[in-house]
Amino acid sequence: MANDHDEQKPSASLALLLEIVRCPKCAGDSTKGILDPVREHTWLVCRDCDRKYPVPEDIPVLLVGEGTKWQHTAVADLPVPPPSPE
């Protein structure tokens, strides 16, 4: 799972957010679309579709197009800090 890439636990606020939000592409099913923080908690990776959503300045960018842009990028290759969306 993507969570294996980060050694630190997410902040309390991010942990709470991750209980609520899901990948917008997979969220139709309440059991799908769980997001795991990676790369120093600057990215969220969907466990089901592998879309990767940037978290610039602690604000997740949960746009399907943004996640799709990074979908085939290896977690280790994601830039830190992530770029701001265009």
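The values are calculated or read from the model by the stated rules, or taken from the named source; none is laboratory data. As the structure is a prediction and not an experimental result, all values here were calculated from the model. Cβ sites come from the backbone with ideal geometry, for glycine too, and all protein chains shown count toward neighbours.
Total residues in the range 18-29 satisfying the condition of being among the hydrophobic types (A, V, I, L, M, F, W, C), assigned to a loop (DSSP other than H, G, I, E, B) and surrounded by fewer than 20 Cβ atoms within 10 Å (Cβ to Cβ): the figure is 3. The single condition among (1) under 16 Å from residue 17 (Cβ atoms); (2) without any contact (Cβ under 8 Å) to a residue 12 or more places away in the chain that residue 86 does not satisfy is (1). Scanning the range 30-86 for residues that are outside any loop (DSSP other than H, G, I, E, B) and among the charged types (D, E, K, R) turns up 36, 52, 57, 58, 66, 69, 77. Here residue 67 passes the criteria (1) of a type in the set (Gly, Ala, Ser); (2) over 20 Å from residue 84 (Cα atoms); (3) surrounded by 15 or more Cβ atoms within 10 Å (Cβ to Cβ) except the one numbered (2).
Inclusion of residue 12 among residues that are at pLDDT below 85, hydrophobic (A, V, I, L, M, F, W, C) and either more than 9 Å from the chain's Cα centre (by Cα) or crowded, with 19+ Cβ neighbours inside 10 Å (or both) is warranted. If you filter the range 30-57 down to residues that are acidic (Asp, Glu) and free of Cβ contacts under 8 Å to residues at least 40 places away in the same chain, you find that the one that is surrounded by the fewest Cβ atoms within 10 Å (Cβ to Cβ) is 57. Once the range 18-64 is narrowed to residues that are among the basic types (Lys, Arg) and within 8 Å of the chain's Cα centre (by Cα), the residue that is farthest from residue 86 (Cα to Cα) is 51.
Limited to the range 44-69, what total is found for residues that are under 12 Å from residue 10 (Cβ atoms) and at pLDDT 95 or above?
So the first thing to find is which residues in the range 44-69 are under 12 Å from residue 10 (Cβ atoms), and the list is 44, 55, 58, 60.
Adding the requirement that they be at pLDDT 95 or above leaves 44.
Within the range 44-69, residues that are under 12 Å from residue 10 (Cβ atoms) and at pLDDT 95 or above number 1.
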